[in-house]
Amino acid sequence: MEIRKKLLFAILLLAPFVNSLAQEEDLRLRTAIAVGSDLWGDFDGSLEVQQRFKENISMYDRSLLTLSVGYGISKDLKSTLGYRMVVLRNSSLEYENKYRLTWDLRYRKKISYLELKFRTRMQYGYEDNIRIDATSNKLVNRNLVGASYHIPQTRFNPYLNYELFFQLNAPEYRSLNTSRLVGGCSITMSRQSELDVYYMFENEFNVSNPLDSYILGIAWEYSF
């Protein structure tokens, strides 16, 4: 009985390391340019173009065009609708067009130089993080918590975000399956522009052939 207990303890102890060895890994890069503007009343809009690279940043992955319209419900609460078009290169090196619709509800609270954030997102359409039936559209719930801090008398705003993905429209696979941990810094370049540099660790789990992605990112945003 004592031997069995020790064996069980050893299995439980080694399980995370065995799982990590089974994970595929990749270094990736994301670059983006975005333009945003107030529209009318409490509405605003934005357009973002993004390029992504994979295979240790040696291969083109996809291009993304995202249109969004947001509505400020209150000072701290905002609702946003978005449409994303994705042009990606598949495993056969052929180009495919995909789409995604999103709805966000975001809450932000400022406490002096600290800002806390919570965002829940419902999205429908293409999602390749969830590696089941790649031809079907997926309904996914994504929840993010984050915090940022403005360093007084500087242009720097370091931040940290954590996000979880949950698949909703495939009962046999319904579970948490992806997490993202992002650390970065937004830099105020002028009253109208901002530069964002970040590092993201994306971890897939509860899926076949899970992937750990180490992602470098840089984005520039202009508002008018």
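The values are calculated or read from the model by the stated rules, or taken from the named source; none is laboratory data. Model, not experiment: these values are computed from the prediction. Here the Cβ is made from the backbone with ideal geometry for all residues, glycine too, and neighbour counts use every protein chain on show.
Can you name the residue in region 74-101 that is polar (S, T, N, Q) and touching a residue at least 24 places away in the same chain (Cβ under 8 Å) and, of all such residues, is nearest to LEU211 (Cα to Cα)? Full working, then the answer.
Filtering region 74-101 for residues polar (S, T, N, Q) gives 74, 79-80, 90-92, 97.
From what is left, the residues that are touching a residue at least 24 places away in the same chain (Cβ under 8 Å) are 79-80.
Values: SER79: 31, THR80: 30 Å.
My answer is THR80.
When only residues in region 68-100 that are out of contact with any Lys or Arg (no Cβ under 8 Å at 6 or more places or on another chain), among the hydrophobic types (A, V, I, L, M, F, W, C) and surrounded by 12 or more Cβ atoms within 10 Å (Cβ to Cβ) count, which is farthest from LEU29 (Cα to Cα)?
The extreme case among them is ILE73.
For region 170-219, which positions are over 23 Å from ALA34 (Cβ atoms) and small (Gly, Ala, Ser)?
Of everything in region 170-219, those that are over 23 Å from ALA34 (Cβ atoms) and small (Gly, Ala, Ser) turn out to be ALA170, SER175, SER179, SER208.
Any residue that is more than 28 Å from TYR199 (Cβ to Cβ), modelled with pLDDT of 95 or more and of a type in the set (A, V, I, L, M, F, W, C) - is there at least one of those in region 116-134?
no
Taking LEU88, is it modelled with pLDDT of 95 or more and assigned to a strand (DSSP E or B)?
Values: modelled with pLDDT of 95 or more: no; assigned to a strand (DSSP E or B): yes.
Here the answer is no, as LEU88 does not meet what is asked.
Going by what's in this entry, would SER37 be described as at pLDDT 95 or above and among the polar types (S, T, N, Q)? Spell out how you get there, then give the answer.
Values: at pLDDT 95 or above: yes; among the polar types (S, T, N, Q): yes.
Yes; evaluated as a whole, the condition is true for this residue.
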